[in-house]
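Shown next, in structure tokens, is the structure this report addresses.
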Amino acid sequence: MSTTVAREIAFTKPSEFARTRSDEIRINEIFFSLQGESSRVGLPTVFVRLTGCPLRCGYCDTAYAFHEGKTRTIDDVLAEVATHGAQYVCVTGGEPLAQKSCMTLLTRLCDSGYSVSLETSGALDVSVVDPRVSRIVDIKTPGSGEVEKNQWANLAQLRQSDELKFVLTSEDDYQWAKRVILDRRLDAVCPVLLSPAFAELEYSQLAEWVLGDKLKVRMQVQLHKVIWGERRGV
């Protein structure tokens with residue numbers, strides 16, 4: 001069996017978290033930190049990181065979430081979130097939408113009065129998400145190694161309260177993203193974020209490209225990494 005075939009089988013076979021009950025969810029970690037990305041950057045936020053992801057982006061910084069985690073009840077998760085006394089909650093991964101019970105978690109968080117955002121790869125259907133949630137949807141660039149996984153139908157589901165994000169590894173990625181933004185008029189869909197892959201693309205270089213092309217986007221850096229470097233729980 002080729003390495004590629006073995007890789008695809010490993011990523012698509014049923015896993016433990018897919019067999020949890022509707023009131024349970026597989027959690028990798030829950031922590032309180034500053035939001036490092038999106039238009040919510042700098043806001044004190046509780047992060048709920050779910051286990052599992054069907055993608056393997058080359059720049060992924062949370063590979064530990066592919067398999068590590070513990071099955072917990074959603075009531076238990078809500079109780080821990082409440083201990084931090086925060087207004088903002090971000091559900092992230094991995095790929096949170098890989099777990100069906102993620103939709104229940106998102107709705108329960110909204111019902112509890114939190115301002116909720118969801119970080120998702122863009123490879124799965126976002127139409128099923130509670131409309132009160134701000135969906136931060138990636139568009140995978142060629143440099144991610146997963147460009148073929150983009151679910152373009154998601155664009156028709158987005159609102160101004162959502163955001164699109166491109167993580168860029170090179171000038172080729174930037175030029176590809178620029179074409180997508182302009183051809184699809186994404187700035188008219190919702191806010192668009194361009195983010196340099198950490199330690200792969202210089203901040204100043206991306207800034208010069210954005211300014212030179214006068215793109216209607218927001219450049220962002222990962223604030224938590226600027227403050228604390230690459231480590232877990234921030």
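The values are calculated or read from the model by the stated rules, or taken from the named source; none is laboratory data. Note that the structure is predicted; figures quoted are calculated from it, not measured. We place every Cβ from the backbone using ideal geometry, glycine too, and count neighbours over all the protein chains shown. Ligands, DNA and RNA are stripped out before the accessible areas are found, and what is left, the full protein with its side chains, is counted by its heavy atoms. Shrake-Rupley method; radii C 1.70, N 1.55, O 1.52, S 1.80 Å.
When the square roots of the Cα gyration tensor eigenvalues are ordered a ≥ b ≥ c, the ratio a/c for the stretch 28-77 is 1.5 or more and a/b does not exceed b/c, which makes its shape oblate. For the chain, the relative contact order comes to 17 percent (Cα pairs under 8 Å, sequence separation of at least 6).
Would you tally the net charge around Q175, using a Cβ to Cβ cut-off of less than 14 Å, leaving Q175 out, and scoring K and R as +1, D and E as -1?
Values: positive: K178, R179; negative: E171, D172, D173, D183, E208, D213.
Once all neighbours under 14 Å are counted, the net charge is -4.
How much of the DSSP beta bridge set in the chain is antiparallel, as a percent to the nearest 5? Numbers along the way, then the final one.
Working: 11 of 34 bridges.
Taking every DSSP beta bridge within the chain, about 30 percent pair in antiparallel fashion.
Accessible area ranking (1.4 Å probe, heavy atoms, ligands and nucleic acids excluded), largest first, for W209, W152: W152, W209. Between the stretch 26-74 and the stretch 142-219, what's the alpha-carbon centroid distance in Å? Comparing the Cα centres of the stretch 26-74 and the stretch 142-219, I get a distance of 21 Å.
Ranked by the mean number of other Cβ atoms within 10 Å of their residues, highest first, the peptides 135-141, 42-48, 213-219 come out as 135-141, 42-48, 213-219.
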